[in-house]
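Data block below; observations after.
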Amino acid sequence: MIEESVWQQALALLRASRQVVVTSHVNLDGDAIGSELALAELLSQMGKRVHVLNDGAVPPVYLFLDAYGRAERYQESLHHHLLEEADLAVILDISDWARLGEVGSVLRQCQAKRLCIDHHIVTDQLAEVMLVDETASCTGELVFELAKRLRVPLRGHLAAALYTCVLTDTGGFRFSNTSPQAHRMAAELLENGVPFLDIYERIYEQNSPARLCLLAEAIKDLHFENGGRIAWFRVTQKMLRHCRASYWETENLAEMPRAIQGVEVAIMFTETPDGHVKMSLRSKGRVVVHHLASKFGGGGHPYAAGARLQGKMEQVVPQVLSEARALFGY
């Protein structure tokens, strides 16, 4: 729950701003890009100049949301001056400097006021105003509330972006963070005409042959621990090359073992292009995995978390599995 005084501080920053930079974490997901584009549309309707700058490109699956081409991949020669000139920077869906990439490094040195809007467990005090609610289903839920308080109509591109937030971060309204407010938010957007069937199809029914190949390779590598209560698999650069898959096509693969009967915790280890490992943790809701992620410098939600691990796959997997077994008292 966010105190009313914090809402008022956030609203005051948005109203007073003239030139705003909006950013989010590396490896953009639906809630991150949806929140960014929704806030950018909201601010544009208020007459603000807005630039959406990220460390990486928008994953192809979410390009349909960005009809105006607002979201740009940060390049120092093209965008540094925008960060210097901004009077407000809004950081969405993350409260961890380490996961903001190059944009975060520059933002820390800029004079712009900062507003953080997030629903994860706070890692760093990124901003003067921290609009954070760990009970929210998605960061988009907080942007939705801002739009209502600012009396901006919830239609068109704004509505589509917000619906993407709540749809993807609740796993299609299946995960434990699916709250009554998540359904109320979705209902209001549907009442305003959001094309929910089109959005669902574009996100969940556009699997490429490469992604299906990757899923098959992941199933071949599936392992079980603790009597089947832990399931884990690896995605290596070799597998990505074999399937001709892009790195972004690994998104949500961790949900596959989570759906297996008897599995309580699913772990996906993804080899990054620089040779390190990204760990994704998913729980059915009875085992908290955030603490496991935090032991390796990561974070997230109680039942969905992750971390970037320094080291090779053969080094980090045994370390993580040892800690994962301890969740069950082994």
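Every number in this text was worked out from the coordinates using simple rules, so none of it is lab data. This is a predicted model, so every value here is computed, not measured. Note that each Cβ is placed from the backbone with ideal geometry, even for glycine, and that neighbours are counted across all protein chains shown.
State yes or no: is His119 under 20 Å from the mean Cα position of the chain (by Cα) and within 24 Å of Gly299 (Cα to Cα)?
Yes: the conditions hold for His119.
Could you list, ordered by first residue, the pairs with Cβ atoms under 8 Å in which the first is in the stretch 283-300 and part of a strand (DSSP E or B) and the second is of a type in the set (Asp, Glu) and surrounded by 13 or more Cβ atoms within 10 Å (Cβ to Cβ), at least 6 apart or interchain?
That search, which allows pairs on different chains as well, returns Ser283/Glu264; Gly299/Asp96.
Restricting attention to the stretch 29-48, and to residues there that are without any contact (Cβ under 8 Å) to a residue 40 or more places away in the chain and surrounded by 15 or more Cβ atoms within 10 Å (Cβ to Cβ), which single residue is nearest to the chain's Cα centre (by Cα)?
By that ranking, first place goes to Ala40.
Of the residues Val22, Val90, Val58, Val52, which is assigned to a strand (DSSP E or B), among the hydrophobic types (A, V, I, L, M, F, W, C), without any contact (Cβ under 8 Å) to a residue 40 or more places away in the chain and buried (at least 17 other Cβ atoms within 10 Å of the Cβ)? Walk me through it before giving the result.
Details: Val22 fails: without any contact (Cβ under 8 Å) to a residue 40 or more places away in the chain; Val90 fails: without any contact (Cβ under 8 Å) to a residue 40 or more places away in the chain; Val58 fails: assigned to a strand (DSSP E or B).
That would be Val52, the only listed residue that is assigned to a strand (DSSP E or B), among the hydrophobic types (A, V, I, L, M, F, W, C), without any contact (Cβ under 8 Å) to a residue 40 or more places away in the chain and buried (at least 17 other Cβ atoms within 10 Å of the Cβ).
Answer yes if at least one residue in the stretch 112-120 is charged (D, E, K, R) and touching a Cys at 6+ places or on another chain (Cβ under 8 Å), and no otherwise.
No - not one qualifying residue is present in the stretch 112-120.
Applying the selection to the stretch 266-292, what residues are closer than 16 Å to Ile94 by Cβ and crowded, with 22+ Cβ neighbours inside 10 Å?
Ser280
Within the stretch 239-253, track down each residue that is surrounded by fewer than 17 Cβ atoms within 10 Å (Cβ to Cβ) and either free of Cβ contacts under 8 Å to residues at least 12 places away in the same chain or of a type in the set (Gly, Ala, Ser) (or both).
Once the filter is applied, which keeps residues that are surrounded by fewer than 17 Cβ atoms within 10 Å (Cβ to Cβ) and either free of Cβ contacts under 8 Å to residues at least 12 places away in the same chain or of a type in the set (Gly, Ala, Ser) (or both), the stretch 239-253 yields Arg241, Ser246.
Looking only at the stretch 308-324, which residues are in contact with a Leu (Cβ under 8 Å, 6 or more places away or on another chain) and either among the acidic types (Asp, Glu) or surrounded by 20 or more Cβ atoms within 10 Å (Cβ to Cβ) (or both)?
Answer for the stretch 308-324, where residues must be in contact with a Leu (Cβ under 8 Å, 6 or more places away or on another chain) and either among the acidic types (Asp, Glu) or surrounded by 20 or more Cβ atoms within 10 Å (Cβ to Cβ) (or both): Val320, Glu323, Ala324.
For the stretch 64-97, what are the residues that are aliphatic (A, V, I, L, M) and over 16 Å from Ala32 (Cα atoms)?
Of everything in the stretch 64-97, those that are aliphatic (A, V, I, L, M) and over 16 Å from Ala32 (Cα atoms) turn out to be Ala67, Leu78, Leu82, Leu83, Ala86, Leu88.
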